[in-house]
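Working notes, beginning with the structure itself.
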Amino acid sequence: MRNLTSRLHRKGSAVLAALALFAVTACVDPTLSTATSGQPPLPKAEENVYVATMDAGIQIPALPVEKIPETYRRQVVDYASEQAPGTIIIDPSKRLLYYVLNQRKAIRYGIAVGKAGFEWSGEAVVAEKKPWPTWTPPKEMIERKPELAKWEKGQPGGPTNPLGARAIYLLSNGVDYGYRIHGTPEWNSIGRNASSGCIRMINQDVIDLYSRVSGGEKVIVLTASGEMPKGLYIPKPPVVKKKPATPSPAVVEAALPPLPAPPALDPELTAAPVAPATVTPAASTTDTTTAPAADAAPACTVPLVNGACPAGKAAP
């Protein structure tokens, strides 16, 4: 009898312990499951995650969080999905990126997506990731913006590098189409259609996402209307209109039509001029008879004295 009581007591304790464990686990946020174990802590509500930080010796400035719409701030949200934890889902229509935690929760980040003519959709996988990557503009971009030719061999990573603090490289069907998920120093472009097809993130956010992916994760880019893609859509690069070269003066002269012959001049304008008539002056009524000249004074043989020739010194 004593043994039976002891066994019942042990079973009762086990049941109570199980119920207590169930009560505890029922209160645990499902986002804190084993799917996120070993990863950085999840962002907390009302937490400012955009503070200044030093990364690899490079200063990342703090951002004015009040100027970042709440929708685009990093946060855990309700998000129903059948995708496996770790999947990245990008919604260009809302400029949002979701990192799936489980079937009900995801971390949401604000992003910037491709401008008109640069939107793409489909599936990809995380192939590689790099901190402070080198950026090499493609030749098509250099054709659109010739001032980027100085970086044709690559711009080193740094605070002004367009790829920002991190880059996550994507492959679709084993092909690299040049699309990246990357940071940007232009944090105020988040929430806009501003890129050439890549997915831009705030530097603090891309560092967080970078720390959660290890490679091979599925990336789904929804269509422009926010629907699941039915295939891979890659837009054709826009045609760059080249300015015509300025022709040389000789070429311009040869291309111009000959000038027309000048019109005939008015005969009256081409006639010989008439010589003006000679006018004979009228005879003058004034007496022009020349008066006889006065007798010249005799020469003085000595120097004058007070302007007069001394007496007896005049020449005979």
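Condition first: open to solvent by 20 Å² or more (accessible area, probe 1.4 Å) and either assigned to a strand (DSSP E or B) or touching a Lys or Arg at 6+ places or on another chain (Cβ under 8 Å) (or both). Now tell me which residues in the range 50-70 satisfy that.
Residues satisfying the conditions are Thr53, Met54, Asp55, Ile58, Gln59, Val65.
Of the residues making up the range 71-92, just one is open to solvent by 20 Å² or more (accessible area, probe 1.4 Å), acidic (Asp, Glu) and assigned to a strand (DSSP E or B), namely Asp78.
Residues in the range 221-236 that are part of a loop (DSSP other than H, G, I, E, B) and under 29 Å from the mean Cα position of the chain (by Cα): Leu222, Thr223, Ala224, Ser225, Gly226, Leu232, Ile234, Pro235, Lys236. For the range 93-119, a residue qualifies if it is in a loop (DSSP other than H, G, I, E, B), touching a residue at least 24 places away in the same chain (Cβ under 8 Å), surrounded by fewer than 24 Cβ atoms within 10 Å (Cβ to Cβ) and not small (Gly, Ala, Ser), and the qualifying residues are Lys94, Arg95, Asn102, Arg104, Lys115, Phe118, Glu119. Please tell me if Pro133 is in contact (Cβ under 8 Å) with a residue 12 or more places away in the chain, open to solvent by less than 80 Å² (accessible area, probe 1.4 Å) and not in a strand (DSSP E or B). Criteria met by Pro133. All conditions in (1) farther than 13 Å from Glu123 by Cα; (2) at pLDDT below 95; (3) of a type in the set (Ser, Thr, Tyr); (4) open to solvent by less than 50 Å² (accessible area, probe 1.4 Å) hold for Tyr179, with the sole exception of (1).
If the condition is being open to solvent by 70 Å² or more (accessible area, probe 1.4 Å) and either touching a His at 6+ places or on another chain (Cβ under 7 Å) or within 30 Å of Ile220 (Cβ to Cβ) (or both), then the range 141-176 contributes Arg144, Asn173, Asp176.
Just wondering, is there one or more residues in the range 168-175 that are among the β-branched types (Val, Ile, Thr), within 26 Å of Val76 (Cβ to Cβ) and assigned to a loop (DSSP other than H, G, I, E, B)? Scanning the range 168-175, I find no residue that is among the β-branched types (Val, Ile, Thr), within 26 Å of Val76 (Cβ to Cβ) and assigned to a loop (DSSP other than H, G, I, E, B), so the answer is no. Of all the criteria given as (1) more than 20 Å from Tyr109 (Cβ to Cβ); (2) modelled with pLDDT of 90 or more; (3) over 26 Å from the mean Cα position of the chain (by Cα), the one not satisfied by Ser248 is (2).
The values are calculated or read from the model by the stated rules, or taken from the named source; none is laboratory data. Computed from a predicted model, the values in this text were never measured in an experiment. Note that we place each Cβ from the backbone using ideal geometry, even for glycine, and neighbour counts take in every protein chain shown. The protein model used for the area step is the full one, side chains on, heavy atoms only, and it has no ligands, DNA or RNA in it. Shrake-Rupley method; radii C 1.70, N 1.55, O 1.52, S 1.80 Å.
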